[in-house]
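All remarks here apply to the structure that follows.
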Amino acid sequence: MTLEHLPENAQTPSAEGSSTYTTTEVQNHYARVALDVLEQLDDQAICGCESCDDTPSRTSEAKELYTREIMDNLPEGALAASRGCGDPVAKAQLAPGEVVVDLGSGGGIDALIAARFVGEAGYVYGIDMTYEMIELAERNAVDAKVANVEFVQGTIEEIPLPDASVDVVLSNCVINFSDDKPRVMREACRILKPGGRFVVSDIVSYAPIAKDAFEPLCRIVGCTKGMQSAESYRTALEDAGFVDIVLEPKTTYTLDILEQKARAKNRMRFFESIADEPAIEGASGSVIIYAYKPQN
């Protein structure tokens with residue numbers, strides 16, 4: 001998930017640190033997103049056709065992440081609430097009968113996709129801290145006629161699942177929201193069965209970024225709590241107990257891509273403040289992160 005409309009007077013995060021964006025501010029933002037989508041659903045205002053890309057549905061954003069085949073099988077309410085930077089389900093190689101958890105499940109899009117892959121013998125838990133998102137995700141599950149999924153209100157720093165209870169941990173651009181990212185990774189390792197896998201989309205930095213450039217960069221890409229460097233992400237996973245860690249680049253944020261994102265979010269003033277910074281070119285990007293819990 002990415003966050004676009006935090007208060008203008010809130011300070012932007014620093015690299016490797018946390019911002020003054022409170023958990024309540026983040027939660028309130030996503031409550032508004034969910035309520036907006038629920039209202040549109042009630043008004044039958046969400047449209048997924050090509051001619052409706054300018055509606056508030058945000059279906060067009062989902063088109064950047066998911067294949068047409070996947071989208072055709074999802075309810076519009078899930079597409080409209082999509083706020084991600086990748087498609088971790090497509091990379092997770094889910095098998096029938098597996099138990100999966102999606103951290104920061106939002107409107108349920110990735111959990112619903114996963115539920116279809118694991119089939120009736122499998123099960124998917126979606127964890128989200130926002131009640132309104134849970135309500136939206138449950139409605140989307142009903143609309144999608146998916147029964148093997150459960151949405152649970154909770155935080156990713158204290159996942160409400162037992163030790164060694166899931167085969168796969170998924171997340172789509174949510175861990176960057178946490179004030180305690182190492183704790184999230186420890187929790188993910190705790191709930192995984194031996195040999196279980198962690199497959200996550202997130203945003204990282206590849207090179208040092210000056211503070212005055214880092215702040216507008218985060219405004220553009222939506223890292224409200226700061227992005228970790230690729231190296232520190234790997235180290236945190238190792239410290240949590242994971243092995244065989246791979247960070248696979250998905251989209252490297254060139255200046256052209258950052259400009260496109262800034263225009264789409266009406267944030268050109270932030271882009272203009274970094275457009276002449278050569279160090280910004282390719283210094284960050286979205287990745288798919290793979291890691292495994294040891295068998296023993």
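With the condition being hydrophobic (A, V, I, L, M, F, W, C) and touching a strand residue (DSSP E or B) at 6+ places or on another chain (Cβ under 7 Å), I'd like the helices (runs of 4 or more DSSP H) fully within region 212-296 carrying at least 2 qualifying residues.
230-240
Look at region 68-89 and say how many of its residues are free of Cβ contacts under 8 Å to residues at least 12 places away in the same chain and either part of a loop (DSSP other than H, G, I, E, B) or within 15 Å of residue 286 (Cβ to Cβ) (or both). Talk me through it step by step, then tell me what you get.
As a first pass, look at region 68-89 and keep what is free of Cβ contacts under 8 Å to residues at least 12 places away in the same chain: 68-69, 72.
In the following step, the residues that additionally are either part of a loop (DSSP other than H, G, I, E, B) or within 15 Å of residue 286 (Cβ to Cβ) (or both) were identified as 72.
Of the residues in region 68-89, 1 are free of Cβ contacts under 8 Å to residues at least 12 places away in the same chain and either part of a loop (DSSP other than H, G, I, E, B) or within 15 Å of residue 286 (Cβ to Cβ) (or both).
Of all residues in region 262-293, which are surrounded by fewer than 18 Cβ atoms within 10 Å (Cβ to Cβ), in contact (Cβ under 8 Å) with a residue 24 or more places away in the chain and out of contact with any Pro (no Cβ under 9 Å at 6 or more places or on another chain)?
Once the filter is applied, which keeps residues that are surrounded by fewer than 18 Cβ atoms within 10 Å (Cβ to Cβ), in contact (Cβ under 8 Å) with a residue 24 or more places away in the chain and out of contact with any Pro (no Cβ under 9 Å at 6 or more places or on another chain), region 262-293 yields 265, 277, 281, 282.
Name the single residue that is modelled with the lowest pLDDT among those in region 42-69 being crowded, with 18+ Cβ neighbours inside 10 Å and aliphatic (A, V, I, L, M).
The selected residue is 46.
List the residue pairs whose Cβ atoms are under 6 Å apart, where the first residue sits in region 178-207 and is free of Cβ contacts under 8 Å to residues at least 40 places away in the same chain and farther than 10 Å from residue 164 by Cβ, the second is among the charged types (D, E, K, R) and assigned to a loop (DSSP other than H, G, I, E, B), and the two are 6 or more positions apart or on different chains.
As it stands, the answer is 180/157; 183/157, since those pairs meet every condition given.
So which residues in region 78-110 are more than 17 Å from the chain's Cα centre (by Cα) and surrounded by fewer than 24 Cβ atoms within 10 Å (Cβ to Cβ)?
Step one: filter region 78-110 for residues more than 17 Å from the chain's Cα centre (by Cα), giving 93-99.
Those that are more than 17 Å from the chain's Cα centre (by Cα) and surrounded by fewer than 24 Cβ atoms within 10 Å (Cβ to Cβ): 93, 95, 96, 97, 98, 99.
How about region 111-143: which of its residues are of a type in the set (D, E, K, R) and surrounded by fewer than 24 Cβ atoms within 10 Å (Cβ to Cβ)?
Scanning region 111-143 gives 116, 120, 132, 135, 138, 139, 143.
The values are calculated or read from the model by the stated rules, or taken from the named source; none is laboratory data. Predicted model, so just to flag it, every value in this text is computed and none were measured. All Cβ positions, even for glycine, are placed from backbone atoms using ideal geometry, and neighbour counts span all protein chains on display.
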